[in-house]
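So the structure is just underneath, and the comments pick up after that.
Computed from the coordinates by the stated procedures, all read-outs in this text should not be read as laboratory data. Because the structure is a prediction, the values reported are computed rather than measured. Neighbour counts are summed over all protein chains in view; Cβ atoms, including those assigned to glycine, are modelled from backbone coordinates with ideal geometry.
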């Protein structure tokens, strides 16, 4: 059965819920559809666009539909003059690779991305720079990430993961037959990525209350609707790989992408748990390991953050959170960044890029001292609101286990050594300008990593 998100109605709900003065963005995507057989929807879209030539961007990862090679079946509904741009080797979403792809697709009128997160983000970025007039159709091949409906893209810049603006795909067609044949670990990764909502909204709310983010809003929650809870309710079906479980995760990642896009930032679904994942990706080579799937890392880090909210947050030094910042913190954080990246190829450029963001965060923290002091004075009264935004750790752990997703860094498809996990938890706040729970733990003297990560 086919279903389509009613984006017009959802946009009206956004406008009705938006706080006074909040600037929201219209959804850049025209159609978001899910169907067990999405081929007719894709064919109709190509007819509507009068597409005589399509440039397909994909990678070499094996993809099947109905047990047959996906691309072979796809060719039957594409124009004869279709050109395939195959991303070679292991695809990394870097700024340099996006620019290279842009040179190859320059002048395209219709683009079709066929793949998961890296393929989608690279195609979005390349379209913006080299083929701005092209229509972009997205055909996801795994329900693993939120990139498909997002008006943002995550690329490596000088070795550091950065979230950059991008136009969302114009059309997103989710073929559930294809998605259900993706490796089960990828669907579970999508489950973990959406679970970030369990803690990220708390991080965003705290950043606003401490005076470092004036864009906090209920709007992303309106866009998400019940998708996150519906996914959690079907966790056992996700573990079984059933069509219903795959559909629930797919709806979760699609709505998550829209939820971030409408406020033009990733904060609603990306807090400390995401920067922990980013740190693991950025430092993987230094630990001589391959990165795990993004959503796997995010799911485990979400559990870490949920536990930290319960065990560490209440014990923080409130005077430190509300008072003046010791000037020595700047040199200490900068030295920590330099020392951690020194062992990595291109580490000097990575450290410089990271410090650019972190130094702005420290400046903003100092400037917000009056706001911080006032908030700390009424923290007890505000705690109830924070509790409503953060899912209890036991619920997070139960959901991950029920979905068959890892709950420890050592359980992932690419296991992370305990020492590397502790490093990520203790240092991930050193790469991003956004304030998260990790920063508050560090600034409040409570970033104890000895129990937060497991082997």
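Here are the numbers for the structure shown:
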read-out	value
Checking residue 71 against (1) in a loop (DSSP other than H, G, I, E, B); (2) over 20 Å from residue 102 (Cα atoms), the condition it does not meet	(1)
Any hit, segment 387-397, residues being free of Cβ contacts under 8 Å to residues at least 24 places away in the same chain and surrounded by 14 or more Cβ atoms within 10 Å (Cβ to Cβ)	no
Qualifying residue in segment 135-144 (condition: surrounded by fewer than 24 Cβ atoms within 10 Å (Cβ to Cβ) and under 23 Å from residue 40 (Cβ atoms))	yes
Single match in 209, 167 (criterion: in contact with a strand residue (DSSP E or B) (Cβ under 9 Å, 6 or more places away or on another chain) and more than 30 Å from residue 239 (Cα to Cα))	167
Residues of segment 202-231 that turn out to be over 19 Å from residue 433 (Cβ atoms), in contact (Cβ under 8 Å) with a residue 40 or more places away in the chain and buried (at least 24 other Cβ atoms within 10 Å of the Cβ), as a count	3
Total residues in segment 152-203, condition assigned to a loop (DSSP other than H, G, I, E, B) and farther than 30 Å from residue 73 by Cβ	3
Residues satisfying the stated conditions in segment 254-281, i.e. crowded, with 23+ Cβ neighbours inside 10 Å and more than 18 Å from residue 14 (Cα to Cα)	270, 271, 272, 273, 274, 275, 276, 277, 278, 279, 280
Residue, farthest from residue 108 (Cα to Cα), within segment 71-86, restricted to residues that are without any contact (Cβ under 8 Å) to a residue 40 or more places away in the chain and under 28 Å from the mean Cα position of the chain (by Cα)	86
Those residues of segment 1-11 which are surrounded by 11 or more Cβ atoms within 10 Å (Cβ to Cβ), over 23 Å from the mean Cα position of the chain (by Cα) and not in a loop (DSSP other than H, G, I, E, B), in sequence order	3
Of all residues in segment 57-70 being over 24 Å from the mean Cα position of the chain (by Cα) and surrounded by 19 or more Cβ atoms within 10 Å (Cβ to Cβ), the one that is nearest to residue 93 (Cα to Cα)	70
Tally of residues being surrounded by fewer than 16 Cβ atoms within 10 Å (Cβ to Cβ), in contact (Cβ under 8 Å) with a residue 60 or more places away in the chain and part of a helix (DSSP H, G or I) across segment 18-56	0
Test for residue 420: is it crowded, with 16+ Cβ neighbours inside 10 Å and either in contact (Cβ under 8 Å) with a residue 40 or more places away in the chain or touching a strand residue (DSSP E or B) at 6+ places or on another chain (Cβ under 7 Å) (or both)	yes
Residue 414 assigned to a helix (DSSP H, G or I) and at negative phi	no
